[in-house]
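To start, the structure itself, in structure tokens.
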Amino acid sequence: MLDKSGKSKSAGTDVSYQLVLVPFVEAIVPDVDMKRREMHITPPKGLLELNLRFDGRSKKERRQLEWKERKKFQKRLISAKKKLSEMEQKHVFQGYHHGEKDQWSLLSDQIVSVNSKLLQEALQSLERPAKRWTIAELTSAIEAKLINSIQLSEEYLSNGSENKLVRDMQEKGHKLMSEGKMATVFLLNEKEHQGNIYDSNFVENEAVDTSILQMFQKIKGRVSVPLILVSSAQQILSLRDLFTSNNYFAFDSGKVWFLEEEKLPVVSSLPEGQNKYKILMKSPWEILQSPVGSGGLISLVSKHGIADNLIDMGVEYIELCCPSEKIAGGNSLLLGLVESREAKIGMQIRPTITDSEKYFDVILSMDFVKKLQSNKLQFDAIPRAHSCVEKVDKEWVTVTTSTPNSFELSCSIYSSLNACSLDKVCIVEVTE
């Protein structure tokens with residue numbers, strides 16, 4: 001789907017002004033009658049049908065609807081501007097004094113898309129020290145018997161364990177999933193950044209299509225499992241097409257959500273005054289943004305009302321994972337352990353893998369997720385070198401650097417451990 005400039009539009013964009021370019025092989029040749037001074041044109045087959053409106057509403061009704069949508073957007077824009085002004089980020093509005101109407105519209109879209117509440121919480125958390133949990137620290141907590149855990153080898157995990165406790169937990173987990181008690185979230189954006197399973201051209205890549213197909217087929221009782229796919233804005237349409245062409249991989253289409261990853265503005269690393277961070281601009285009309293990370297799910301399910309929908313469906317747990325060869329979602333063992341221990345958080349870890357953000361499988365109880373919506377998760381400021389633009393003496397200047405000049409605001413789902421007592425945490429530890 002293209003916009004007026006011919007660029008691709010993201011999913012969820014208002015379709016009122018979208019254009020579709022459809023090539024026709026057959027040439028349109030006019031038939032000119034010089035005597036009657038008339039010209040007849042026979043359009044290629046299908047062109048007239050393509051231009052017929054499928055909207056049965058009258059022109060007046062369509063205009064009224066468009067007017068209401070514009071008014072609704074204006075209210076959101078005014079509110080977003082007010083919030084950014086209160087955060088002393090008025091420089092974001094400077095692009096309105098330059099450029100053309102399309103560029104101003106782009107800036108307005110950018111301003112409305114900023115999650116000001118999450119941004120404010122992220123900046124405040126930078127000034128609030130908190131414990132950063134690592135795999136090594138979790139392993140130490142297990143050894144100190146501070147956390148309930150089950151330990152098993154990779155072989156037993158793959159081929160089945162003879163341990164009665166493990167089998168009982170798996171059976172309990174399978175039963176809960178078949179009853180629709182757990183929703184699964186795939187953070188495909190995390191894998192995209194690693195260039196692994198999730199490739200930017202995966203719809204055209206048969207091998208990757210096969211990998212995704214196999215990944216979703218591993219989830220047992222798919223019809224009963226609500227599924228949430230978190231991806232970059234550029235990939236949502238491709239994901240929808242992939243699911244549609246594969247009959248939703250046997251999932252219930254009414255229980256599948258496609259969400260754009262949560263992003264926050266990139267801020268300067270040289271605060272102008274106490275506790276002040278300046279939002280950086282990619283252009284006079286574009287805000288420089290970066291993905292929040294796995295912790296952004298809490299904001300996503302709250303913002304879209306999905307948490308309430310899941311609870312209404314009877315969902316009691318939500319699984320958050322980054323798909324890989326060893327993690328495919330639907331972790332029945334971990335779910336059974338969380339249920340039997342009445343835990344709020346369940347995690348599957350591999351002590352040999354130190355980067356917990358790349359390979360994680362976490363289950364949260366829904367009541368804990370609802371509680372987290374009102375709590376502030378811990379954010380990290382990741383130093384990065386970014387090119388940006390600044391207005392200097394009424395001129396826009398491009399700033400480039402090879403050294404870190406900014407912070408990307410990142411949040412890990414592991415920071416949720418700071419909001420939960422360790423006796424309400426359980427872990428499946430997978431050894432080599």
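Quick note: the coordinates plus some simple rules give every number you see, no bench work behind them. All values reported here derive from a predicted model rather than from experimental measurement. Methodologically, a virtual Cβ is constructed for each residue, glycine included, from the backbone with ideal geometry; neighbour enumeration extends over all protein chains shown.
Averaged over residues, the count of other Cβ atoms within 10 Å places the peptides 114-127, 384-397, 255-268 in the sequence 255-268, 114-127, 384-397, highest first. In this structure, the amide hydrogen of residue 257, modeled 1.01 Å from its nitrogen in the peptide plane, lies closer than 5 angstrom to those of 227, 228, 229, counting only residues at least 5 positions away or on a different chain. A crude spin-label estimate for the pair residue 40 and residue 250, with each label 7 Å from Cα along the Cβ direction, gives 5.8 nm. Taking a sphere under 9 Å around the Cβ of residue 316 and counting the other residues whose Cβ falls inside, with K and R at +1 and D and E at -1, yields a net charge of -1. Positive contributions from Lys and Arg (+1) and negative ones from Asp and Glu (-1), summed over other residues with Cβ under 13 Å from the Cβ of residue 289, come out at -3. Counting 0.36 nm for each residue step from residue 373 to residue 156 and taking away their Cα separation leaves a gain of 74.5 nm. Projecting label points 7 angstrom from Cα along Cα→Cβ for residue 178 and residue 140 puts them 4.3 nm apart. Placing a label point 7 Å from the Cα of residue 96 along the Cα-to-Cβ line, the residues of the stretch 66-81 whose backbone N sits under 18 Å from it are 70-81. Among the listed pairs 90/370; 83/278; 117/276, a Cα-Cα separation exceeding 25 Å is found for 90/370.
Simple spin-label estimate for residue 431 and residue 82 gives 5.9 nm between the two label positions (7 Å along the Cα-to-Cβ direction from each Cα).
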